[in-house]
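Before any comments, here is the structure.
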Amino acid sequence: MPWWSTLLLALGGILLGGAWSLHRQQAPVWTRIAFVILAVMAVIAAFFTIPWAE
């Protein structure tokens, strides 16, 4: 797996953790939704950048 795929997957995990933390702190809903959307996009991008056919 290339290093950028690993980096994107780690970023997705950090963003999901941040969303959970914001949920626990009762942050505004739009902030939590934004973090979840960014996390999902990072994870999807990580899987799309894996060279499957090598």
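Coordinate-derived values only; no laboratory data. Here the structure is a predicted model, which is why all the values come from computation and not from measurement.
Key figures for this structure:
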read-out: Shape category assigned to the chain from the gyration tensor of Cα positions, a/c cut at 1.5; value: prolate
read-out: Cα long-axis angle, helix 3-24 against the chain (0 to 90 degrees, to the nearest 10); value: 10 degrees
read-out: Rounded tilt (10° steps) of 29-48 against the dominant C-alpha axis of the chain; value: 10 degrees
